[in-house]
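> Quick one: the structure is below, and I'll ask about it shortly.
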Amino acid sequence: MKTLDHDFFTVHDVTRFPAVIVRPTAIEPGYAQQWAAEMEMLLQYGEPFSVLYLETPAEEPHEDYKRRGIWLKEHRDALARMCAALVVIEADAQRREAAAQRGRGASKAFGIAHYAVGSLSEGLAISFGHAARRPPQDDRAMAYG
């Protein structure tokens, strides 16, 4: 049975794979290189996954945004095959709607389903549903920092 090296992942939490949760505290200047390495490892792993954001993604540093954009364009097809969904978890209804609207463009550009939901349990259910697996029964609080 193949496994992901959890210690390698600092931007993403893969302990609930196929739910891959972005650590909000990891989004700081210079993170794009590690993000790309982790995304490549997820693609090489060869099993569908979903990326969950625990809150509306913050404004990221311009250089990281640019580097990630180039990576996303270069890996668009592979990402569309392996990434089943992007899920933003946002409790605030107005911010959730804004995230849903932004997500429509990303979904169209990359061919990946996008969801904006109000809770982690909803996000996990979507992720595990896309992977045809049962979600874990726990709803552990996520604390990164």
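The values are calculated or read from the model by the stated rules, or taken from the named source; none is laboratory data. Please read these numbers as outputs of a predicted model, since none were measured by experiment. Glycine gets a Cβ as well: all are built from the backbone with ideal geometry, and neighbour counts include every protein chain shown. All accessible areas refer to the heavy atoms of the entire protein, side chains included, with ligands and DNA or RNA removed. Shrake-Rupley method; radii C 1.70, N 1.55, O 1.52, S 1.80 Å.
> What is the packing order of peptides 116-127, 6-17, taking the mean over residues of other C-beta atoms within 10 Å and listing the highest first?
Top to bottom by mean Cβ count within 10 Å: 116-127, 6-17.
> Please give the per residue volume of the convex hull enclosing the alpha carbon atoms of the chain, rounded to a whole number of Å³.
111
> Region 39-125: Rg/Rh from Cα coordinates, Kirkwood Rh?
That ratio is 0.96, to two decimals.
> Still on this structure, please answer the following. Report, to the nearest whole %, how much of the accessible area of region 1-76 belongs to carbon and sulfur atoms, 1.4 Å probe, protein only.
51
> Arrange the residues I89, I27 by how much accessible surface each exposes, largest first, with a 1.4 angstrom probe.
Descending order: I27, I89.
> What is the distance, in nm, between label points placed 7 Å from the Cα along the Cα-to-Cβ direction at A80 and at H62?
Here the answer is 3.1 nm between the modelled labels.
> Excluding residues fewer than 8 places away in the same chain, name every one of the lysines whose C-alpha is closer than 30 Å to that of K2.
Straight-distance partners of K2: K73.
> Have a look at region 57-101 and give its Rg and Dmax from the Cα atoms, expressed in angstrom.
13.2, 34
> Ok, one more. What net charge is computed for the residues neighbouring R68, neighbours being all others with C-beta under 12 Å from the C-beta of R68, Lys and Arg scored +1, Asp and Glu -1?
-2
> Something else about it: So how much slack lies between A37 and I70, counting 0.36 nm per residue of separation and subtracting their Cα-Cα distance, in nm?
Taking A37 through I70 to full extension adds about 10.5 nm, to one decimal.
> Next up: Taking the alpha-carbon distance from K66 and a cut-off under 18 Å, which aspartates and glutamates remain once sequence neighbours fewer than 8 residues away in the same chain are dropped?
E28, E38, E40, E74
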